[in-house]
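Every number in this text was worked out from the coordinates using simple rules, so none of it is lab data. Computed from a predicted structure; not experimentally measured. In this analysis, Cβ positions are derived from the backbone assuming ideal geometry, glycine residues included, and neighbour counts consider all displayed protein chains.
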Amino acid sequence: MTRSELATLAALLPVLLWSCGGGGSGSDASTPQPAPQPPANPPPLPANVTQQRLLAAATEPSQWMTNGGDYQEWRYSRLTQIDRGNVSQLGLVWFSGLDTNVQQNSTPLEIDGVLYVSTAWSKVYAFDARSGTQLWQYDSQVPDAWRAKVCCGLKNRGVAAWGGKIYVGTLDGRLVAIDARTGTAAWSVLTIDAAWRYAITGAPRVAKGMVFIGNAGAEYGVRGYLSAYDAETGRLLWRFFTVPGNPATGFENQAMQTAAATWSGDWWRIGGGGAVWNSIVYDPATDLVYFGTANGTPWNQRYRDPSGGDNLYIASIVAVRADTGDYVWHYQATPGDTWDYDATSALTIADLSLDGRTRHVVMQANKNGFFYVLDGATGELLRAQAFTQQNWTDGVDMTTRRPRVRPEARYGAGQDFNGIPGPQGARGWHPSAFSPQTGLLYIPTQEAYFAWVHDPSYLPSDTGYNLGIDLSGGNYYQTHPAAPRGFVSSLQAWDPTRGARVWSGESNVGPTGGALATAGGLVFQGGGSSQELRAYDGASGAKLWSTQTRTGVFAGPISYEIDGRQYIAVVVGSGASTPSAPNLSRVLVFALNGTAQLPP
Ligand code: CA
């Protein structure tokens with residue numbers, strides 16, 4: 001064997017070991033461990049999440065039962081063992097390898113001692129949350145060819161749990177209920193028309209025996225919607241479309257008729273967009289479901305609707321009745337969107353003291369750079385403030401509730417626009433956290449410029465990633481060398497009542513990770529491609545702890561407690577840069593005085 005062949009073999013060794021099922025020492029094993037022997041008395045139903053438990057989630061701080069931690073989606077742990085004084089002693093307790101070498105975005109659930117983790121390619125694992133022993137693995141077996149229908153990575157952002165089942169949306173549009181005890185499918189329903197380029201990357205939410213799920217695809221031409229399924233049987237209960245269909249075939253409801261008046265042309269031929277691909281929140285105080293909708297199809301409104309209508313309900317926050325899916329209110333953050341300003345980032349429910357009275361509100365730090373506070377019951381706009389750089393407006397007119405869009409921002413033939421935020425957004429899907437202790441919202445904030453250049457050769461008959469713009473930006477930055485550009489990010493603490501930034505954390509290149517706030521006065525956050533998990537003092541922003549993760553951390557961490565010990569868990573993984581790159585996708589679990597080590 002030559003020297004170069006030896007070098008090649010050495011480089012491949014981790015991959016070969018991986019494919020043989022051996023992951024070396026630690027817990028990097030891809031095969032399930034033997035199931036423990038059943039005890040004499042049958043154990044209680046696993047993942048037994050109920051409406052009562054979710055309503056009272058604050059009384060069970062040891063659990064993490066839903067994507068955002070509770071119905072309010074605060075991503076706030078009430079556990080206090082790990083605090084500002086001892087976080088420096090936080091160490092790794094266990095870790096486990098995940099077998100998809102694609103960027104990992106998911107938030108785990110922890111319920112009654114079991115950690116449920118979804119990964120890229122819509123796979124799900126269950127681990128003993130204390131030891132890391134793998135209990136089962138579920139592979140949804142998405143066909144490889146489906147990757148052509150997914151705009152932005154083969155990702156999954158989490159699962160839901162209810163009544164002994166774990167729910168995952170798959171890239172190829174299925175909603176699957178997994179038996180939480182065995183890891184086998186209890187039922188599976190196709191939620192999409194597979195002739196269109198839908199995909200599911202978002203986490204389902206559950207409430208009142210229903211599973212709520214949307215889908216992605218507004219970059220490829222789909223008609224967005226949110227569906228509710230019976231959690232027990234998988235029966236479709238209702239569906240709310242976010243944009244009107246072909247008027248010739250009639251509208252499903254009054255909301256679609258109202259929306260159609262804000263469109264012109266033949267938008268329905270390429271779907272219209274408005275996909276519900278991330279944030280879905282059930283609010284027990286109003287009995288409404290709030291969700292955010294994506295951009296229109298294509299991005300460039302001059303092709304989507306040459307008349308420049310608002311195009312309801314794209315780029316909007318929408319509220320429907322939980323039991324029926326009937327429209328209640330909407331707020332369109334970006335009327336006539338032409339910048340890919342999805343309104344799909346995290347929605348947070350809280351009671352805030354505003355203008356001398358307590359208001360029950362929905363909050364969102366939007367991709368378009370504005371922080372919105374809306375009345376939960378009515379959708380009334382209470383606040384709209386820029387939380388970072390933006391140059392597409394001169395602010396929001398609080399009388400009309402509309403952004404004052406600068407004319408130059410509406411790019412077109414011969415009119416390029418160097419915009420901030422770009423399509424990366426002032427924030428992405430990376431979850432924010434809210435601490436009632438500090439009253440602050442912790443927002444993974446992005447500052448990203450983008451040269452918007454009209455594509456004169458756009459054809460609506462083109463299928464695929466076809467946006468009506470020159471994605472390369474043409475030669476904009478060559479001809480405008482002094483134009484600002486770049487993509488940086490940091491976590492910022494935002495006071496939603498004053499509308500002011502309180503602190504911001506370390507700057508990263510590219511996107512930064514999701515946040516977790518705790519009653520120990522801490523905020524945990526991944527450094528994005530900076531390959532570390534950090535803990536900040538939630539009040540001051542002082543960086544108190546960090547650990548190297550050897551791969552990027554984009555997903556939101558969680559916290560749970562077993563037998564008096566508090567844990568922090570996070571899913572890590574940048575994804576492969578080359579096909580032969582080692583797979584570093586893992587779930588990492590930390591506690592005070594943990595001594596486990598990642599392989600070098
Ligand atoms: Ca989008």
Computed magnitude of the charge dipole of the chain (debye, nearest 20; Cβ of K, R +1, Cβ of D, E -1):
380 debye
Cα pairs beyond 29 Å in the range 61-592, in percent, come to 48 percent
Of the options Gly521, Thr393, Ser472, report the single residue whose Cα projects farthest towards the positive end of the charge dipole of the chain (beta-carbon charges: Lys, Arg +1; Asp, Glu -1).
Gly521
Roughly how many Å is it from the Cα centre of the range 349-403 to that of the range 182-235, as a whole number?
29 Å
Alpha-carbon spread of the range 342-388, three principal axes, descending order, Å
29, 18, 15
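At 0.36 nm per residue, and after removing the present C-alpha to C-alpha distance, how many nm does the segment from Ser472 to Thr400 gain when stretched out fully? Before the final figure, lay out each step's value.
Details: separation 72, 0.36 × 72 = 25.92 nm, distance 3.54 nm.
Roughly 22.4 nm would be gained on extension.
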Count, lysine Cα pairs under 21 Å in the chain, 8 or more residues apart or across chains
5
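Within the range 233-280, list the trypsin sites (Lys or Arg not before Pro) lying in a DSSP loop whose Cβ has at most 12 other Cβ atoms in a 10 Å radius.
Values: sites: Arg235, Arg239, Arg269; in loops: Arg235.
Passing sites in the range 233-280 are Arg235.
With n ≥ 4 as the cut-off for DSSP H runs, can you work out [θ] at 222 nm for the chain, using -39500 (n - 2.57) per run divided by the number of residues, rounded to the nearest 500? List each step's numbers first, then the result.
Working: 5 runs with 37 residues, N = 600.
Dividing the helical sum by the residues of the chain leaves -1500 deg cm²/dmol.
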Find out how many positive minus negative residues lie around Trp74, taking Lys and Arg as positive, Asp and Glu as negative, among other residues whose Cβ is under 15 Å from that of Trp74.
-2
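Take the Cβ-Cβ distance between Gln389 and Thr324 as r, set R0 to 41 Å, and report the resulting FRET efficiency rounded to the nearest 0.05. Walk me through the numbers on the way to the answer.
Numbers: r = 41 Å, r/R0 = 1.00.
Given R0 = 41 Å and the Cβ-Cβ separation, E is 0.50.
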If contacts are Cα pairs under 8 angstrom and at least 6 residues apart, what is the relative contact order of the range 363-427 in percent?
31 percent
Cα-based helix-to-principal-axis angle, 3-19 vs the chain, degrees rounded to 10:
90 degrees
Checked against the positive end of the charge dipole of the range 61-592 (+1 on Cβ of Lys and Arg, -1 on Cβ of Asp and Glu, about the Cα centre), the farthest of Asn508, Phe241, Thr293 is Asn508
Counting other beta carbons within 10 Å of each residue's own, what order do Thr201, Thr324 fall into, fewest first?
Thr324, Thr201
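Give the order of Tyr303, Tyr76, Tyr458 when sorted by the count of other beta carbons within 10 angstrom, beginning with the fewest. Working shown, then result.
Values: Tyr303 22, Tyr76 27, Tyr458 16.
If I rank by nearby Cβ atoms, fewest first, I get Tyr458, Tyr303, Tyr76.
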Using label points projected 7 Å from each Cα along Cα→Cβ, tell me how many nm separate Thr595 and Ser88, to one decimal.
2.0 nm
The range 61-592: relative contact order as a whole-number percent, Cα under 8 Å and 6+ apart:
15 percent
What is the extension gain from Arg239 to Ala483, computed as 0.36 nm multiplied by their sequence separation minus the C-alpha to C-alpha distance, in nm to one decimal?
83.4 nm
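Could you compute the net charge surrounding Ala343? Neighbours are other residues with a C-beta less than 12 Å from the C-beta of Ala343; K and R count +1, D and E count -1. Walk me through the numbers before you get to the answer.
Values: positive: Lys367, Arg427; negative: Asp337, Asp340, Asp342.
Net charge in that neighbourhood comes out at -1.
Take Ser118, Ser188 and order them by how many other Cβ atoms sit within 10 Å, fewest up front. Provide the component values of the computation, followed by the final result.
On the way: Ser118 30, Ser188 15.
By the 10 Å Cβ count, ascending: Ser188, Ser118.
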